[in-house]
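S.K.: Below you'll find the structure I mean.
The values are calculated or read from the model by the stated rules, or taken from the named source; none is laboratory data. These numbers were taken from a predicted model, which means no experiment stands behind them. For neighbour counting, all protein chains shown are included, and Cβ atoms are generated from backbone atoms with ideal geometry for every residue, glycine included. Areas reflect the complete protein model, heavy atoms only, side chains present, ligands, DNA and RNA absent. Shrake-Rupley method; radii C 1.70, N 1.55, O 1.52, S 1.80 Å.
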Amino acid sequence: MATVLLVEDDANVRAALTRALSNAGHAVRPVGAALEALRHIGTAGPGTIDLVILDLGLPDLDGADALRMLRGITDVPVIVATARNDETSMIRLLNAGADDYVTKPFSAAHLQARVAAVLRRGGQRGEQHTAQVTTTGSLRIDQSRRHAELDGTALDLTRREFDLLAYLAEHAGRVVTRRELVEQVWRQPYLGAEATVDVHLSWLRRKLGETAASPRLLRTVRGVGVMLVDERR
């Protein structure tokens, strides 16, 4: 059983989803506005909420803005519910920190399947990150604390940047393809998402103090992928 924070302003939809998720064995905390959800997350203790289902059509805040604000205070998985179904909007939401999305209208069974999949992935990440510290040269990553340092200085990384760097560090010395990164870090089907990976790699390089032209840790293998290396070797 998971504790799910359901953010949906339509009272009828909120009641129906609460009933469906409760019948599936989850504890549901339904709220009707983004600010109410943010207050709930902010005051809840660590580990209290296992998953957030966030409707984007909220009355007080744009759902995408609410997603970014949520990501500023929690790493809890988020599934967004949206009427937008174009690829650009989906990529923007995933880049903003969504773990998955459902496009309206959707059935209760479809939502339950998405919830189960995201919770499984979260459990796998939790198992992988238990007290794991990865060191590659002057880069140190503490996955249990989600903390990364380079040359002894903490790196200010977004959630997705940390996951990307941690995955590359776990596979240091091996070329990792873009497809693998999309499937293992973003946990999404590939669908030609090279641009998403490249943008995040560019942001990550900047925070590592390097560029594609003058790499230190991240070496691009043209036409294949990227490899994290120990610069001292």
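S.K.: If we restrict to alpha carbons, what Rg and Dmax does region 1-101 come to, in Å?
M.R.: 12.7, 36
S.K.: If one takes the longest principal axis of the Cα atoms in the chain, at what angle in degrees, from 0 to 90 and to the nearest 10, does the Cα axis of helix 194-207 lie?
M.R.: Taking Cα atoms only, the helix is inclined about 60 degrees.
S.K.: If you don't mind, there's one more thing I want to ask. From the gyration tensor of the Cα coordinates in region 64-113, what semi-axes in whole Å does the equivalent ellipsoid have, largest first, with each one equal to sqrt(5λ)?
M.R.: On the way: eigenvalues 72, 38, 13 Å².
Largest first, region 64-113 gives 19, 14, 8 Å.
S.K.: Same structure, new question: Give me the accessible area per residue for the chain, probe 1.4 Å, as a whole number in Å².
M.R.: 48
S.K.: Ignoring everything except DSSP H segments at least 4 long, calculate the 222 nm mean residue ellipticity for the chain; use -39,500 (n - 2.57) per segment, divide by total residues, nearest 500. Don't jump to the answer; show the numbers that get you there.
M.R.: Working: 8 runs with 94 residues, N = 233.
So the calculated ellipticity at 222 nm is -12500 deg cm²/dmol.
S.K.: If you don't mind, another one. Can you list the residues, at least 5 places off or on another chain, whose amide H is less than 5 Å from the amide H of H147, using H built in the peptide plane?
M.R.: Here D142 satisfy the definition.
S.K.: Counting only protein heavy atoms and a 1.4 Å probe, tell me what percentage of the chain's accessible area is made up of carbon and sulfur.
M.R.: The C+S portion of the solvent-accessible surface of the chain is 50 percent.
S.K.: Applying a 10 Å radius around every beta-carbon, put 66-78, 10-22 in order of their mean neighbour count, most first.
M.R.: 66-78, 10-22
S.K.: For region 152-233, what is the Kirkwood hydrodynamic radius in Å, using each pair of distinct C-alpha atoms? The partial results should precede the final answer.
M.R.: Numbers: mean 1/r = 0.0776 Å⁻¹.
After inverting the pairwise mean of 1/r, the radius is 12.9 Å.
S.K.: Just the number, please: Stokes-Einstein D of region 31-80 in µm²/s, Kirkwood Rh from C-alpha pairs, 25 °C, 0.890 mPa s.
M.R.: 227
S.K.: How much of the DSSP beta bridge set in region 8-116 is antiparallel, as a percent to the nearest 5?
M.R.: 10
S.K.: When Lys and Arg each count +1 and Asp and Glu each count -1, what net charge do the other residues less than 15 Å away from A195, Cβ to Cβ, add up to?
M.R.: Details: positive: R92, R160, R178, R179; negative: D86, E87, E194, D198.
Its environment carries a net charge of 0.
S.K.: Restricting to the chain, compute how many DSSP beta bridges are antiparallel as a %, nearest 5.
M.R.: The antiparallel proportion sits near 50 percent.
S.K.: Still on this structure, please answer the following. Quick one: compute a quarter of the convex hull surface over the Cα atoms of the chain and quote it in nm².
M.R.: Mean projected area of the Cα convex hull: 12.9 nm².
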